[in-house]
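Let me begin by handing over the structure; questions about it come next.
The values are calculated or read from the model by the stated rules, or taken from the named source; none is laboratory data. Fair warning: this is a prediction, and the values are worked out from it, not measured in the lab. Cβ sites come from the backbone with ideal geometry, for glycine too, and all protein chains shown count toward neighbours.
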Amino acid sequence: MRDIALSLVVAALLLITFRHPVVGAYLWAWLSLMNPHKLTYGFAHDFQFAAVAAVTTLTVLLLTRKRQAIPLNGITVLLVLMFVWMSITSLFAMAPQQTVIDRWIFVLKIQAMLFVTWMLVIDAKQLRILVWIVTFSVAVFGIKGGIWTVATGGGSRVWGPPGGMLEGNNELAVGLVILMPMLYFLRVTEKRVWLRQVLLFCMGCCPFSILGSQSRGALVALLAMAFFLGLKGKYPVRTSLMLGIFVAMAIAFMPDTWVQRMDTIRTFQQDDSALSRIWTWTTLWNAAVDNPILGVGFAADNAAVFAKYASLEGPYAIFKGRVYVAHSIYFQMAGEHGFVGLAIFLGLGLVTWFSAGRIAKQTKEDKELGPWMPTLMYMSQVSLIGYAAGGAFLSLAYLDLPYYIVGFVVTSGLIAKRRALELKKVAPTSNLEEPATSTGQRNPLPGLASAGAGSLASSLSGPRGK
C-alpha cells in the first residue's frame, strides 16, 4: 500500500512540474533528503524516484520561461571551482576507478540540482516552501526520534532515514543540528499561533533525538549551535537562557550509559572508537602532506591509501589491516583533494557566512523583507556553525543538506537584489518638489508605500505564503 501511495504522489507532482517547474526542485529535495521510497517494502523500495524527478525537472527547465539566470557571485564561483578541482583530483585518485567515478557522479548530481534549484526558486514564497520541505524532510525523523528517546528513557539509539547519507545515528544527529535553526526561523516568522506551537514542539523533540543518537560529535555540535542560536536569535538573552536550561534538562534526563559514553570525549585515549578516528585523521594528514596539491582523490577510505600512509606504531598497532572513513569533513577534503581543495571548501563556508550577514544588514529595515529575511540569514549562519562543529567528526563533506543552506543564502541574495532595484525605481529621479503630506512634510520616497505589492508581499502575508 505504501508503494502505491508513494508512486501516485510522485507521479502527481511530476505532472504538476510541467505547469509549475519549481515543484520539480521541491520534489528532488524531498526525495533526496528523506528517501521516502526506502520506507516502503515492495516495488517502490529500489525504484529510482530521484533520478526520474531530476530528468523531468531538467527537461522542463529547458522548456520553461519560469526561471532565472544562474547567479554569478563568490558563492557560485567557489562551488564551480570546487567541483572542477574535484574532477581534476579524480584523475589521480588512488582508489579503484569505478569507485572514484561513482563518487564523482554522486557529487555531480548534488551540485547540478543545486544550480537547478537556484534557477527555479525565484520569489519569497517559493523560498519559504523550500525551507519547509528541506527542514521537515529530515526533522520528521528527529521528531519521531525525540518521542522515542523520551518514551524509552534514552536507552535506545536513534537512527536516520534508511538508504541515505543521514542513515547513521551520528549523521542524523548532525543533520538535525543543522536544521534546528531553520525550525526556529519558521516558528518566529509564522503568523498562525497553532502552527507556532507545533513548531515549538518539533524544536523540543529534536534535541532529545540528537542526544538519543548517543553521538559524541553531535553533542559538541548541539552545544555550539545552541550558543550561536542564542546570539543570533530575535531575543538573544532570553533565547540563550531558555536554550541553556532546556539542553541542561535534556542532558540530565539521559541515562548513566549515555553519560559514560559522552565521558569518553575526555578519556579518548582509552576508547578504541575515538582512537581509530585520530588514527584515520593522521593517515589522511600524511596523505595530504605527501600530496599537498591534488590529495589522493575521491574515496580515500581504501586499502591502498591506508597501506601507504597509516602509522602502526604504538597504540595504532591494533588497527593493522583496517580501513576507516575520514570521520571529519576537514581531513576528508585535505586528504582527498589536497590543501587546495580544503582551502576552496573553507572559503565557500566563509563567503557564505559573510554574504548572509551582508544580506541581513541590507534588508533589516525593509518593510517587506525585514520581518523575515534577516532571521533566515542569521539562522543560516547558525546552521553553518552546526555543520562546521558536527562535521569535524563525520565524513559529510559531500552531504547535500549544508549546500541547501548555502542555497538559501544565494536565493535570498537574488530576492534582495531585485527588491533593491524595485525601490530604486520608485525613488525620486528629479529635483522637483513632491506634494506635501497632511502634516506639511515632504514625502522623500513617493510611491514607496505601494511598492512591492506583488508576489513578495502576498507570499508573506498569511497562510497563502506558507
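From (1) in contact with a helix residue (DSSP H, G or I) (Cβ under 8 Å, 6 or more places away or on another chain); (2) more than 30 Å from residue 344 (Cβ to Cβ), pick out the condition that doesn't hold for residue 53.
Failed condition: (2).
Something else about it: Residues 207, 181, 236: which one is closer than 17 Å to residue 379 by Cα and modelled with pLDDT of 90 or more?
After ruling out the rest, the residue left standing is 181.
I'd like to know if segment 156-164 contains one or more residues that are outside any loop (DSSP other than H, G, I, E, B) and either in the same structural domain as residue 410 (by TED's automatic domain parsing) or under 20 Å from residue 399 (Cβ atoms) (or both).
No, segment 156-164 contains no residue that is outside any loop (DSSP other than H, G, I, E, B) and either in the same structural domain as residue 410 (by TED's automatic domain parsing) or under 20 Å from residue 399 (Cβ atoms) (or both).
Does residue 389 fit the bill of being under 22 Å from residue 289 (Cβ atoms) and out of contact with any Leu (no Cβ under 7 Å at 6 or more places or on another chain)?
Against the criterion (under 22 Å from residue 289 (Cβ atoms) and out of contact with any Leu (no Cβ under 7 Å at 6 or more places or on another chain)), residue 389 does not qualify.
Among the residues of segment 304-337, which ones are among the basic types (Lys, Arg) and in a helix (DSSP H, G or I)?
Answer for segment 304-337, where residues must be among the basic types (Lys, Arg) and in a helix (DSSP H, G or I): just 308.
Next up: Residues to consider are 300, 307; find the one that is modelled with pLDDT under 95 and in contact with a Leu (Cβ under 7 Å, 6 or more places away or on another chain).
From the options 300, 307, the qualifying one is 300.
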